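Asks: Pasting a structure here, questions to come.
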């Protein structure tokens, strides 16, 4: 039997782990007693050979160890994993009970103490997405599924999603992105769930992220509360989440603009799902436009279109640090178009999911652009992460949204 994998780190990395950061990069490993295998536990000692932390080893990633526990020694076994998962799940379930919501994040990776993995709920369907090959042995052995069944009994079906960087490694052990772990494919290809009483479809097997953008739930509700008798423009609309909530809130019209034909088809289905039980949705005029959002916004501004609420929620515009400056200018351009499309007293709702752009930078851009339109405008809200998407390390902070009412 191989000896426990033992690592020592450079002084800077040692201090970072001691301060609670959950990642150890490969170039910060000073020494290790043998070659490690992805998925095994790596025990980290400080320079005086005292226990520092224990984590999951990933032989293929620049993030070589993802910390599970640091400080005092702890026994990492099935009981430990179940306790960590069940704690996160219980917090979410208790928060959303009786709120008309059955779609939310059960566990958010590093911020919930299980790095490189998220769990999402869509009604009775659970989705696990992994970002590191360290989790593959747990999945291929069935251990992971056992934890899920114990901790999340609501889910009768489970789907596995993998990030692109580990797809080939997953395939070697019989796992694949979109693989139904429990339940028939037909049961989870498209499933429905509730969000603040509204009905939505999710595509756990082939949809973006884990099948839906759950992280904007609270901001969609804010738009609903502002939407009575409003004409609403939803740019980068994807499957129409903001528009459906606007319709539920009594919007006069909702226009979805997105480049994806598939997403717009889903947006129409989501609106139709809510029509039978909601007269406000039936009365809301819904239009979908397939177009490049930047080009369409420029043309709409020239054409003199006007709306009461403009929602601009693009995909990440800075996926790496080198794209940051271009993203800042793109956000400035989008905000200008959005403000110009508003009627007097209208509301711009601008969002960013670019982790390389800070909330402070993004808010500053939107505020500056809005104030140039009218000095008497006012900020309605500036939000970050929802309760089921905690961000407890700097790298986890990505979402920000600002609502501004123009004068």
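Asks: Which condition does residue 186 not pass, out of (1) more than 20 Å from the chain's Cα centre (by Cα); (2) farther than 26 Å from residue 244 by Cβ; (3) free of Cβ contacts under 8 Å to residues at least 24 places away in the same chain, if it passes all the others?
Replies: The one condition residue 186 does not meet is (2).
Asks: From 215, 231, which residue is touching a strand residue (DSSP E or B) at 6+ places or on another chain (Cβ under 9 Å), surrounded by fewer than 22 Cβ atoms within 10 Å (Cβ to Cβ) and under 29 Å from residue 39 (Cβ atoms)?
Replies: Matching residue, one of 215, 231: 215.
Asks: Which ones in the range 22-53 are in contact with a helix residue (DSSP H, G or I) (Cβ under 9 Å, 6 or more places away or on another chain), part of a loop (DSSP other than H, G, I, E, B) and closer than 16 Å to residue 132 by Cβ?
Replies: 22, 37, 38, 39, 40, listed by residue number.
Asks: Do we have residue 390 as in a loop (DSSP other than H, G, I, E, B), more than 21 Å from residue 118 (Cα to Cα), in contact with a helix residue (DSSP H, G or I) (Cβ under 8 Å, 6 or more places away or on another chain) and not assigned by TED's automatic domain parsing to the domain that holds residue 120 here?
Replies: In short, no.
Asks: Take the range 226-248 and flag every residue that is more than 17 Å from the chain's Cα centre (by Cα) and either under 21 Å from residue 388 (Cα atoms) or in a loop (DSSP other than H, G, I, E, B) (or both).
Replies: Once the filter is applied, which keeps residues that are more than 17 Å from the chain's Cα centre (by Cα) and either under 21 Å from residue 388 (Cα atoms) or in a loop (DSSP other than H, G, I, E, B) (or both), the range 226-248 yields 227, 228, 229, 230, 245.
Asks: Still on this model: What do you reckon, is residue 145 over 20 Å from the mean Cα position of the chain (by Cα), surrounded by 13 or more Cβ atoms within 10 Å (Cβ to Cβ) and either under 19 Å from residue 206 (Cα atoms) or not assigned by TED's automatic domain parsing to the domain that holds residue 131 (or both)?
Replies: In short, no.
Asks: Which one is farthest from residue 354 (Cα to Cα), of the residues in the range 299-312 that are in contact with a helix residue (DSSP H, G or I) (Cβ under 7 Å, 6 or more places away or on another chain) and modelled with pLDDT of 95 or more?
Replies: 309
Asks: Any idea which of 209, 172 is out of contact with any helix residue (DSSP H, G or I) (no Cβ under 6 Å at 6 or more places or on another chain) and within 10 Å of residue 127 (Cβ to Cβ)?
Replies: Only one candidate qualifies: 209.
Asks: If you don't mind, another one. May I ask you to verify whether residue 119 is touching a residue at least 12 places away in the same chain (Cβ under 8 Å), surrounded by fewer than 18 Cβ atoms within 10 Å (Cβ to Cβ) and under 19 Å from residue 79 (Cβ atoms)?
Replies: no
Asks: Of everything in the range 178-204 that's in contact with a helix residue (DSSP H, G or I) (Cβ under 6 Å, 6 or more places away or on another chain) and in a loop (DSSP other than H, G, I, E, B), which residue is surrounded by the fewest Cβ atoms within 10 Å (Cβ to Cβ)?
Replies: Once the filter is applied, the top-ranked residue is 196.
Asks: Related question: Being closer than 30 Å to residue 114 by Cβ, in contact (Cβ under 8 Å) with a residue 24 or more places away in the chain and surrounded by 15 or more Cβ atoms within 10 Å (Cβ to Cβ) is the filter here; which residues of the range 371-387 pass it?
Replies: 383, 385, 386
Asks: Right, something else. Say we look at the range 313-333 and pick out the residues that are in contact (Cβ under 8 Å) with a residue 60 or more places away in the chain and under 22 Å from residue 405 (Cα atoms); which of these is surrounded by the fewest Cβ atoms within 10 Å (Cβ to Cβ)?
Replies: 314
Asks: To continue, here is another question. Please go through the range 132-142 and pick out each residue that is in a helix (DSSP H, G or I) and within 19 Å of residue 42 (Cα to Cα).
Replies: 133, 134, 135, 136, 137, 138, 139
Asks: Which residue out of 286, 337 is over 19 Å from the mean Cα position of the chain (by Cα), in a strand (DSSP E or B) and modelled with pLDDT of 95 or more?
Replies: 286
Asks: Next up: Hey, among the residues in the range 340-367 that are in a loop (DSSP other than H, G, I, E, B) and closer than 21 Å to residue 242 by Cβ, which one's nearest to the chain's Cα centre (by Cα)?
Replies: Only one residue fits best here, namely 353.
Asks: Kindly provide the set of residues from the range 19-50 that are closer than 16 Å to residue 71 by Cα and loosely packed, with under 15 Cβ neighbours inside 10 Å, ordered by number.
Replies: Scanning the range 19-50 gives 19, 20, 47, 48, 49, 50.
Asks: Would you check if there is a residue in the range 347-370 being in contact with a strand residue (DSSP E or B) (Cβ under 8 Å, 6 or more places away or on another chain) and loosely packed, with under 15 Cβ neighbours inside 10 Å?
Replies: So far as the range 347-370 goes, no, none of its residues is in contact with a strand residue (DSSP E or B) (Cβ under 8 Å, 6 or more places away or on another chain) and loosely packed, with under 15 Cβ neighbours inside 10 Å.
Asks: To continue, here is another question. Please state which one of 126, 174, 207, 146 is touching a residue at least 60 places away in the same chain (Cβ under 8 Å) and either over 23 Å from residue 315 (Cβ atoms) or part of a loop (DSSP other than H, G, I, E, B) (or both).
Replies: So the residue among 126, 174, 207, 146 that is touching a residue at least 60 places away in the same chain (Cβ under 8 Å) and either over 23 Å from residue 315 (Cβ atoms) or part of a loop (DSSP other than H, G, I, E, B) (or both) is 146.
The values are calculated or read from the model by the stated rules, or taken from the named source; none is laboratory data. Treat the numbers as computed from the prediction; the structure is a model and nothing was measured. Positions of Cβ are backbone-derived with ideal geometry, glycine not excepted, and every protein chain shown enters the neighbour counts.
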